[in-house]
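The next block holds one structure in the form of structure tokens; read it before the comments.
Just so it is clear, none of the values below were taken in a lab; they were calculated from the coordinates. Only a predicted model underlies this, so the values are computations on that prediction, with no experimental measurement involved. With ideal geometry, Cβ positions are generated from the backbone for all residues, glycine too; neighbour counts draw on all protein chains shown.
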């Protein structure tokens, strides 16, 4: 009897199959498309992947849990072996993972030899390379903004400014809060919110380190123009990566579409929407989209790096998710850094959204929208960032595209 492939079941579950976004699909299967494959596999399978020279050059970006597990000893041996003769090394440790490993590296309570080898490689800048983002780097604020966006579902059961949750419930009323989330946003959002609440109860805090690690892996790949694979035993990485590629892809298309609107290629506005349900400060100007997939905004010439997640499950299954991030996305990220979270600087303080989420219900077609975002502000480690409420709605309502197999 075949082992269950619960990642596929996760995405096929009707409770998680939300409204597919028209931004989602295009006719080129190799461009801007989320890819997934899965099958039987374990850490020895990972060793074979690492040792396969046909896969090079690729950067392996391990999650901290890969360093701690006893079963991953051959993985680290393989990473060191394949790095011989490669000045770029085989392995990249982000600042997030380095911080999570630092206590173990300095005073290992188990796997002492592995800890010594990793520490020596990091200190010597040999087969393991560090990737940090300087606090003064404009990309830093952009990373934090996206990390809060991706991790927002962890916080929705907690107290907001008025003392109640965002749904007007008492945070202490767990059942009432979860029911309100299910009623207002759906069962998938309820499940994600529950995980955030349990994280707070078990650890005493909610952090967004996993979200930040995924984003840093993508940024590394774009800056270095190097295909990269995140290696993990934590299934949350699949969910986070899935949402990260959707937001970056969607915002990239918005950044591209803004230039076309400015040049008059979308013609005159179709109409204005006055009531925007609190997602915008003021009216929303709508432009009719000529295609469902926004193919017209994509540049004819493009180059991309593929970033993926390799998840080794405890049931003997290995799951691979990947997405080709186009190098021009770096310019979109720079725009978001300069505007504190907008996809464009071409319309004053207004932003452009190519997926209007709950506002698109009942429309007689597919539209772009330009308006001033209503935002929420986050302040973490001295980094202040603003996130559009409509983007937060996407994050917790899960309107992102449904992966096809």
Relative packing of 69-75, 151-157, which averages over residues the other C-beta atoms within 10 Å, highest first: 151-157, 69-75
Between helix 73-82 and the chain: long-axis angle, C-alpha atoms, 0 to 90°, nearest 10: 90
Folded to 0 to 90 degrees: helix 112-124 orientation relative to the chain principal axis, Cα: 70
Estimated inter-spin distance, residue 226 and residue 45, nm [label 7 Å along Cα→Cβ]: 2.6
P(r) histogram, all alpha-carbon pairs of the chain included - 10 Å bins from 0, percent: 4, 21, 32, 26, 13, 4, 0
Folded to 0 to 90 degrees: helix 187-203 orientation relative to the chain principal axis, Cα: 50
Listed peptides 387-394, 43-50 by packing density, highest first (mean Cβ within 10 Å): 387-394, 43-50
Packing rank of 175-184, 337-346, where each peptide gets the mean count of other beta carbons within 10 Å, highest leading: 337-346, 175-184
Pair residue 120, residue 384: separation of 7 Å Cα→Cβ label points (nm): 4.8
Segment residue 37-residue 281, extension gain: residue separation times 0.36 nm, minus the distance between their alpha carbons: 83.6 nm
Distance-filtered residues of segment 78-97 - backbone nitrogen under 18 Å, label point 7 angstrom along residue 236 Cα→Cβ: 94-97
Extended-chain gain in nm, criterion 0.36 nm per residue less alpha-carbon gap, residue 207 and residue 339: 45.0 nm
